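Colleague: One structure, pasted below without further comment.
Each value in this text was obtained by applying a stated rule to the coordinates, not by laboratory testing. What you see is a predicted model; the values in this text were computed from it and never measured. Cβ atoms come from the backbone with ideal geometry, glycine included; neighbour counts cover every protein chain shown.
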Amino acid sequence: MSKVINTENIRKQFPILNQKINNYPLIYFDNGATTQKPLSVINSISDFYKNTNANIHRGVHTLSRKATEEFELARKTITNHFNIKNDQQLIFTAGTTDSINMVAQSLASNYLQAGDEIILSAYEHHSNILPWQLWAEQNNGKLKVIPLAENETLDYAAFEKLISEKTKLIAVAHVSNTLGVITDIEKIKAVAQKHKIPVLVDGAQSAPHMQIDLQKLNVDFFVCSAHKIYAPTGIGLLYLSEKWLNELSVSKVGGGTIKTVTFEKTEYAEGALRFEAGTPDIAGAIGFAEAIRFIDEIGMQNIFEHEHELVQYTQQQLSQIPEVIMYGKSEHKAGVISFNVKNAHPFDVGTLLDKYGIAVRTGHHCTQPLMQCLNIQGTIRISFAVYNTKSEIDFFIEKLKKSIKMLL
């Protein structure tokens, strides 16, 4: 059962929010780019370096054993949050981009063939376009794109028509980082399973806003970044289904990935370690787990409902401003709103809002193909987190109206 979130108590846990920008209280609406970090996460990283810092998995001394225990406990904590059956299916990476590149490089070595086809969606982030595009350019492959419907969600009827005998992968964003629209993964999966095509889900924008149950989602690959989930930068995860945990070839090799090495032959480790080359971001993993504890204490469903209320309230307020054009306006979206002001450049609007201490994102949001599809240069994007409030939205709307008067 959901509960009302006490944002006042939550905000006290985020020291960065207690400051002024240009003599105004900071209003941070750029959570889609990265969220702020609670003290518990900051302290967990500091405590590791103060008290436990050592390399992991191979040391016999006390600090190394303690660091290894904390690192593997972090894996279990995150595994439980995402309801992953086996914690060895969770690979620590540098983030979403790194995870997708790992999958692309691995599939290129022993699964994808010259001339194969990969299906993406029209609102993919560049991180889920470029690795596949690079492979296609090098292997005479083809990228097919699920178009947008009139309401700026995906056209699922058109999607099924894109399937051919050469389709070898479907890679889609769970939530559009620009529009906030939630992809119907069940519809994608139903078609994929019928044709026995693996599915990769980019969860960079879903993991911060929605409860992700990977046993229920039941896809082949799932990726996300920790820094969008109240955790440090430079760490993320790659989830592999049990099939791909065993079948995916290694793309990065080095210390930690092996059982035995000779100059003639190397035998690689089993499970997650096979994919975690070199010294990982140990403190980052510990911080990631602490962020998950912070989220789980509040409750992911409570966070979703809080942010949903903020999104719907903001959409309602923006719809009353004649000069505003909203994109992907919907009741079924997660944490993100994109809009423009008629006859004004997004950068100009964002710059004026910053004068009032309001942090928004402006530009193409690493979704240039989507911008071309919408026939615009970019948008102003506001994205919410658990610490945002309706009073912040009211202030934002007031200053947006003032900015519009200054620009037009």
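Colleague: Let me check against my output: what whole-number percent is the relative contact order of region 42-297, with C-alpha pairs under 8 Å and at least 6 apart?
Modeller: On the way: 453 pairs, mean separation 62.8, N = 256.
About 25 percent, as a whole number.
Colleague: Something else: If a helix is a whole DSSP H run, which ones in the chain reach 20 Å or further along their own axis (Cα) and hold a mean Kyte-Doolittle hydropathy of at least -0.5? Please list the in-between numbers first.
Modeller: Numbers: long enough: 62-81 (29 Å, -0.96); 96-110 (22 Å, 0.01); 282-298 (25 Å, 1.15); 300-318 (27 Å, -0.99); 390-407 (25 Å, -0.17).
TM-like helix candidates: 96-110, 282-298, 390-407.
Colleague: Then there's this: Arrange the following residues from fewest to most other Cβ atoms within 10 Å of their Cβ: THR62, THR7, THR257. Can you show the working numbers first?
Modeller: Values: THR62 10, THR7 16, THR257 19.
Sorted ascending by nearby Cβ count, the order is THR62, THR7, THR257.
Colleague: Which one, (1) 72, 55, 39; (2) 78, 59, 41; (3) 59, 46, 42, gives Cα extents along the principal axes in Å as derived from the coordinates shown?
Modeller: (1)
Colleague: Mind checking the dipole of region 1-96: about its Cα centre, +1 per Lys or Arg Cβ, -1 per Asp or Glu Cβ, Debye to the nearest 20?
Modeller: On the way: 12 positive and 7 negative charges, 19 e Å.
About 100 debye.
Colleague: Can you give the % of DSSP beta bridges in the chain that are antiparallel, to the nearest 5?
Modeller: Numbers: 28 of 46 bridges.
Of the beta bridges lying entirely in the chain, close to 60 percent run antiparallel.
Colleague: Between region 187-231 and region 1-78, what's the alpha-carbon centroid distance in Å?
Modeller: 24 Å
Colleague: So for LYS405, LYS66, fewest C-beta neighbours within 10 Å to most, what's the order?
Modeller: Working: LYS405 9, LYS66 17.
The fewest-first ordering by Cβ neighbours comes to LYS405, LYS66.
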